[in-house]
1. Calculate log10 I(q)/I(0) of segment 6-74 for q = 0.21 Å⁻¹, where I(q) comes from the Debye formula with a single equal point scatterer on each Cα and nothing for solvent.
2. Using the crude model of +1 on Lys and Arg Cβ and -1 on Asp and Glu Cβ, and no other charge, please compute the dipole size for segment 6-74 relative to its Cα centre, in debye to 20.
3. Hey, of [x] 30.8, 88; [y] 14.1, 40; [z] 17.0, 55, which did the structure itself give for Rg and Dmax of the Cα atoms in Å when calculated?
4. Between ALA14, GLY65, PHE46, whose Cα lies farthest towards the positive end of the dipole of segment 1-77 when Lys and Arg beta carbons carry +1 and Asp and Glu beta carbons carry -1, centred on the Cα centre?
5. Calculate the FRET efficiency for PHE36 and ARG69 from the Cβ-Cβ distance with a Förster distance of 22 Å, rounded to the nearest 0.05.
6. On the Cα set of segment 87-141, report Rg and Dmax in Å, please.
7. Antiparallel as a % of all DSSP beta bridges within the chain, to the nearest 5?
8. Roughly speaking, what is the stretch gain from ASP47 to THR80, that is 0.36 nm per residue apart minus the C-alpha to C-alpha distance, in nm to one decimal?
Amino acid sequence: MTARIDLTLDCTDARLLAGFWKTALGYVDEPPPPPFATREEWLAQFDLPDDDSADDGAWLCDPDGVGPRLCVLKVPEPKTAKNRLHMDVRVPGHGTPEERWERIRAESERLVAAGGSVLEVFDGHHVVMADPEGNEFCVGAGPASA
C-alpha cells in the first residue's frame, strides 16, 4: 500500500490563500470528518487557545479525489525565504508546443487576476509565480500526451 500525501501551506490569512488555491486548482472545501457537521464543531474537540478560530485554517480537496488534500494554516511568523518545495500547476490539453504555451500564458494571466504574481517567465516552457502570500509555484503544461 502506498502512502498518500497532504500539502500544508503556512500563511497569515487562511481565507485569502484558500480562495486563491481553490481558484488555481479547482479544489473545494473539504467536509469536516465524520461525525462532525462543521469545522467549528470538529475544532471544538481540541484544546485550542481562545484566539484560535475556524478562520485560521482551511482544508481543501480535489472534488474528483485524485489530487492531494491541501491544508492552509495561519501561523504567527511571516514567510522569510524561497520555498524548498513548491507546487507545479499543470494545464491540460493536446496540441503543438505553441498551443501548450498559449494555455500556460492564459492560465498564468487567470491566476494573476485571482491575486497571484508572475516572478519569471521561461518562454515556451513555464512561468514561475507566487500566490498572494509569496509562496512560489510554477505553471506549465502537463505531459505532451495529456
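1. Here log10 of I(q) over I(0) equals -0.91.
2. Numbers: 5 positive and 15 negative charges, 66 e Å.
In total the dipole reaches around 320 debye.
3. Among [x] 30.8, 88; [y] 14.1, 40; [z] 17.0, 55, the one calculated here is [z].
4. After comparing all options, I get GLY65.
5. Values: r = 16 Å, r/R0 = 0.74.
Once the sixth-power term is evaluated, E becomes 0.85.
6. Rg then Dmax for segment 87-141, in Å: 10.5, 34.
7. Working: 16 of 27 bridges.
DSSP beta bridges in the chain are roughly 60 percent antiparallel.
8. Numbers: separation 33, 0.36 × 33 = 11.88 nm, distance 2.93 nm.
Full extension of this stretch gives 8.9 nm more.
Every number here is computed from the coordinates shown, using simple stated rules; none is lab data. Predicted model only: the values in this text are computed from it and were never measured. Cβ sites come from the backbone with ideal geometry, for glycine too, and all protein chains shown count toward neighbours.
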